[in-house]
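Shown next, in structure tokens, is the structure this report addresses.
Each value in this text was obtained by applying a stated rule to the coordinates, not by laboratory testing. On a predicted model such as this, the values are computed, not experimentally measured, just so you know. So basically every Cβ, Gly included, is an ideal-geometry build from the backbone, and we count neighbours across all protein chains shown.
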Amino acid sequence: MDKEISKYRSFLKDSIRKVIDFSQTDQNRGVAPPPIEKPYSQEGERIDLPFHEKVKNIGTIDLASAIRNRESRRSYSHQPMTIDELSFLLWSTQGIKQKIDLGHALRTVPSAGCRHALETYLCVLNVQGLEQGIYRYLPLEHQLLFEFTEENLKRKIVQLVFRQPYPGEAAVTFIWTAIPYRMEWRYGLAAHKVIAIEAGHVCQNLYLACEAIGAGTCAIAAYDQEGIDELLKIDGQDEFTIYLASVGKME
């Protein structure tokens with residue numbers, strides 16, 4: 001086997017734990033955990049979302065049907081998504097079930113050590129009551145933080161996924177970023193494998209939640225890394241894009 005391929009395959013193996021001194025992680029050195037939600041300016045515009053108790057009956061099919069019907073969908077109608085539907089999808093993918101302390105919270109998806117290293121951004125193009133732009137989900141508050149508008153946003157998001165057209169036709173594209181230190185604080189070098197695993201957990205919940213509300217989604221792993229990070233105005237080092245998924249109502 002090619003040595004270069006073998007080196008990168010090692011990322012997927014658990015053997016890295018054999019060479020990590022976990023006594024030297026920041027958690028075991030007594031360093032306070034990083035916040036479980038990226039800080040934001042109190043002056044920023046925040047939009048309240050309906051809590052999941054109010055929209056929990058929004059789904060129209062049972063779980064078995066959602067699993068059976070689940071597939072990547074790249075064609076969407078021009079029908080806008082409602083704020084209730086978007087709230088349901090956000091809660092399904094990163095919603096808080098129980099806040100334990102400043103550094104830990106139980107969510108609707110699993111996370112190693114309850115660290116939850118992901119942040120959720122939205123490229124909103126066609127959601128009732130929301131202007132087009134970039135938003136960030138605040139799971140602790142169950143709110144949307146309006147980040148900024150962007151000229152020619154539809155064209156830019158298509159360009160940044162190497163001209164795959166469907167994000168430009170979607171109501172919204174979910175963009176998940178990783179803040180690795182949240183996981184590194186506890187697991188050191190072993191953090192990076194589980195961050196990738198958790199992106200899969202989150203996106204699968206999105207697939208099933210979309211099926212429940214008559215929407216379609218398609219995961220996107222082919223994107224311009226530097227370009228998407230620049231669009232979101234993140235540094236690309238301590239926070240960077242890791243996964244995307246377009247969402248729209250089914251035709």
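Filter Lys99/Lys193; Lys38/Lys97; Lys13/Lys156 down to the pairs with a C-alpha to C-alpha distance above 29 Å, please.
Where the Cα-Cα span goes over 29 Å, the pairs concerned are Lys13/Lys156.
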Next item on the list: For segment 157-199, list log₁₀ I(q)/I(0) at each q in 0.32 Å⁻¹, using the Debye formula over Cα point scatterers of equal strength and ignoring solvent, two decimals each.
Entry: -1.07
Next item on the list: Calculate the spin-label point distance for Asp224 paired with Phe22, positioning each point 7 Å from the Cα along the beta-carbon direction, and give it in nanometres.
Entry: 4.2
Note to self: Distance between the C-alpha centers of segment 15-41 and segment 135-190? Whole Å please.
What the structure shows: 24
Checklist line | Cβ charges +1 (Lys, Arg) and -1 (Asp, Glu), total dipole of segment 46-249, debye | finding: 560
Checklist line | For segment 205-251, Kirkwood radius (reciprocal of mean inverse C-alpha pair distance, Å) | finding: 12.0
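Normalized C-alpha radius of gyration of segment 91-164, against 2.2 N^0.38 Å? All intermediate terms of the calculation are to be shown ahead of the outcome.
On the way: Rg = 15.0 Å, N = 74, 2.2 N^0.38 = 11.3 Å.
This ratio for segment 91-164 stands at 1.33.
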Note to self: 7 Å from Cα along Cα→Cβ at both Asp14 and Met1: what's the point-to-point distance in nm?
What the structure shows: 1.7
Next item on the list: May I have the extent of the alpha carbons of segment 167-234 along their three principal axes, as whole Å values ordered from largest to smallest?
Entry: 40, 28, 17
Next item on the list: Find the eigenvalues of the gyration tensor of the Cα atoms of segment 22-130, then list the square roots of 5 times those eigenvalues as equivalent ellipsoid semi-axes, largest first, in whole angstrom.
Entry: 32, 19, 14
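Give, to the nearest whole percent, the P(r) tail of segment 133-251 beyond 22 angstrom, counting all Cα pairs.
Working: 2611 of 7021 pairs.
Above the 22 Å cut-off, segment 133-251 has 37 percent of its Cα pairs.
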Note to self: Tell me the mean residue ellipticity at 222 nm calculated for the chain from its helices only (DSSP H runs of n ≥ 4, each -39500 (n - 2.57), averaged over every residue, nearest 500).
What the structure shows: -9000 deg cm²/dmol
Check: Distances over 13 Å make up what percent of all Cα-Cα pairs in segment 121-162?
Finding: 55
Check: How big is the antiparallel share of DSSP beta bridges in the chain, given as a percent to the nearest 5?
Finding: 95
Item checked: Neighbourhood net charge (9 Å Cβ-Cβ; Lys/Arg +1, Asp/Glu -1) for Tyr121 -> -1
Note to self: For a quick check: sort Thr217, Thr177 by the number of other beta carbons within 10 angstrom, fewest at the front.
What the structure shows: Thr177, Thr217
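So what's Rg/Rh here for the chain, counting alpha carbon atoms and using the Kirkwood radius for Rh?
Details: Rg = 18.4 Å, Rh = 19.0 Å.
With Rh from the inverse mean 1/r over Cα pairs, Rg/Rh is 0.97.
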